[in-house]
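Report on the following structure.
The values are calculated or read from the model by the stated rules, or taken from the named source; none is laboratory data. Source: prediction; values computed, not measured. Cβ atoms come from the backbone with ideal geometry, glycine included; neighbour counts cover every protein chain shown. When the accessible area is computed, the model is the full protein with side chains, heavy atoms only, and any ligands, DNA or RNA have been set aside. Shrake-Rupley method; radii C 1.70, N 1.55, O 1.52, S 1.80 Å.
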Amino acid sequence: MNSLTKALKRAKFGANRCSFATISAQKQQERRKKVREWHILRYGTLDELVYRDDSKKPQIKEANEVMIKVNAASVNPIDVAMIRGYGSNFLNLTRKLVNNTEFPLVVGRDFVGEVVQKGMNVPEREARVGQQVWGVMPVHKQGCHRDFIVLNKNYLTEKPSNLPDTDVTGFLYAGMTAWSGIYVSGNLGGPFGIAGSGGGKGKKVLVLGASGGVGSIATQILLAEGANVTVTCSSDALPFVQSLGNIPNIVDYKSPHYEQDLKSMGTFDLVLDCAGKGPDHAKDLPCPFYTYVTFSSPTLRNTDEMGLIAGNVKNLADLIKSNVEAIGAKKGIVKWAYFLPAPQGLTYLRKLVNEGRLSSVTTAIFPFEKADLAYKRVEERHLRGKVVLDFTGKTIEPQLTDFYFKENASEVENENQKQ
């Protein structure tokens, strides 16, 4: 009887150990599913940012979706604006249409990473497990400032092969915005941006604000397409702008001769407002033009302030007013441009990067765990180049790139003298 009791106790102990091992394995597996992310639980200042390292891994829900392990992502002014609540009325409507929740809200619009899983309707030629890709997140979707993301296959493509991830990711959001303004709104390649490339040879194009993220990439795209480019910037941004390529005309907007200089250049085929001037500035430009495209439209601001219906009525009225005033001042037509996550734009930018016609403008790299500092740097405004997050752990502390020191040598020297 004693030996039977002992045998039963040993069996029970073994079962407990097996059960414990199973639970431990389950916990480890569950832990591996957790991901790091930065999110907000309500709109407000950057103090609302929350860092977590135990969030749930997203899941593929549709056959045309792809899961990406993010290696790098950039921080853009739109991220800071969305944290403050910019566009919340319109974006929440679109989120509800696709069953997405508002909070917790993860921002981040562009990324570089590795394909780790894909749906059944994603062919190998479009994405394969282990492939290095870059892509963009639509603004109504959860963002990419997290370890793993899931998105439609149309929003990514193979990444350029000749640059590190922290350089490559700096192109995308600003690049897709610039591409949209040039080709979709500006019609440089034909009506409605159907071509999505070409069409610039010999065209006279003015870029207002060439030292910013969108302006610097727009300038490089136009130079690559053979346009006759004129840009504006401040004198202290001159080294940065000159590094973008062989620009025929650079005008200092702080110069007392600024208006006369632009007026003397005749009529421009296209004006790109990358300086935040807005649609009303078109009538005040000292030079005539055929098309004026601004990236600072009042679209989301109007819907935020007035609601969706009244806001969109106001949008139409504002666009008509801007055109009437511009045409009345003997200028051209006024259009608005937006970030547009189109697959042909991704392919086009990749081609330019691989050909060496689009150069990195990354000026600062932050470790992912210190993304809050990166957001604050972007919030400072008047930023040159791009701020990037490194997810891989290779960047321990925030660092300025060689590109930054090259293009800001005088400012760096002044700072060193102060110290």
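For an R0 of 56 angstrom, estimate the FRET efficiency from the Cβ-Cβ distance between LEU400 and ILE309 and round to the nearest 0.05.
For R0 = 56 Å, the calculated efficiency reads 0.75.
Give the Rg/Rh ratio for segment 166-309, taking Rg as the radius of gyration of the Cα atoms and Rh as the Kirkwood radius, to two decimals.
Across segment 166-309, the Cα-based Rg/Rh ratio is 0.97.
Between LYS254 and ASP54, what length in nm is gained on full extension when 0.36 nm per residue of separation is reduced by their alpha carbon distance?
Residue separation times 0.36 nm, minus the Cα-Cα distance, leaves 67.0 nm.
Can you compute the modelled spin-label distance between PHE103 and GLU355, with each label point 7 Å from Cα toward Cβ, in nm?
4.8
Round to the nearest 10 and report in Å² the accessible area of LEU316, as given by a 1.4 Å probe over the protein chains' heavy atoms.
110
So between LYS201 and ALA81, what do we pick up on full extension, going 0.36 nm a residue minus the alpha carbon distance?
39.6 nm
Tally up the carbon and sulfur contribution to the accessible surface of segment 218-317 as a whole percent, 1.4 Å probe, everything protein left in place.
Ligands and nucleic acids excluded, carbon and sulfur give 51 percent.
Where in the chain are the DSSP H helices whose alpha-carbon span along the long axis reaches 27 Å or more and whose Kyte-Doolittle mean is at least 0.5?
Those that clear 27 Å and a mean of 0.5 are 308-328.
Give the accessible area for MET306 in Å² (nearest 10); use a 1.4 Å probe, count only protein heavy atoms, and leave out ligands, DNA and RNA.
90
How much of TYR43 can a 1.4 Å solvent probe reach, expressed as accessible area in Å² and rounded to 10?
About 60 Å², ignoring ligands and nucleic acids.
Using only Cα positions of segment 85-143, each an equal point scatterer, no hydration layer, compute I(q)/I(0) via Debye at q = 0.12, 0.16, 0.19, 0.20 Å⁻¹ and quote the log10 values to two decimals.
Normalising to I(0) and taking log10 leaves -0.40, -0.65, -0.81, -0.85.
Where only protein heavy atoms count, and the probe is 1.4 Å, what is the accessible area per residue for the chain in Å²?
Each residue of the chain exposes 49 Å² on average to a 1.4 Å probe.
By how many nm would the segment from GLN242 to TYR290 grow when fully extended, if each residue of separation counts as 0.36 nm and the alpha-carbon distance is taken off?
14.6 nm
From the square roots a ≥ b ≥ c of the eigenvalues of the alpha-carbon gyration tensor of segment 235-317, which class results: rounded (a/c under 1.5), prolate (a/b over b/c), or oblate?
Judged from the Cα gyration tensor, segment 235-317 comes out prolate (a/c at least 1.5, a/b above b/c).
Could you pull out the pairs from LYS153/LYS335; LYS57/LYS153; LYS263/LYS330; LYS69/LYS370; LYS277/LYS330 whose alpha carbons sit more than 21 Å apart here?
In this structure, LYS153/LYS335 exceed 21 Å between Cα atoms.
Once you order the gyration tensor axes a ≥ b ≥ c over the Cα atoms, which shape class does segment 66-175 get: rounded for a/c under 1.5, otherwise prolate or oblate by comparing a/b with b/c?
Taking the square roots of the gyration eigenvalues as a ≥ b ≥ c, segment 66-175 is oblate.
Please grab the % of Cα pairs in segment 245-382 that end up more than 19 Å from each other.
I get 68 percent for the Cα pairs in segment 245-382 exceeding 19 Å.
As an exercise, use a Förster radius of 35 Å and the Cβ-Cβ distance of THR392 and SER264 to find the FRET efficiency, rounded to the nearest 0.05.
It comes out at approximately 0.10.
How do the peptides 281-290, 385-394, 56-65, 174-183 rank, highest first, by the average count of neighbouring beta carbon atoms within 10 Å per residue?
Answer by packing, highest mean first, reads 174-183, 385-394, 281-290, 56-65.
Would you kindly work out the equivalent ellipsoid of the chain from its C-alpha gyration tensor and give its semi-axes, the square roots of five times the eigenvalues, largest first in whole Å?
That gives 46, 24, 21 Å for the three semi-axes.
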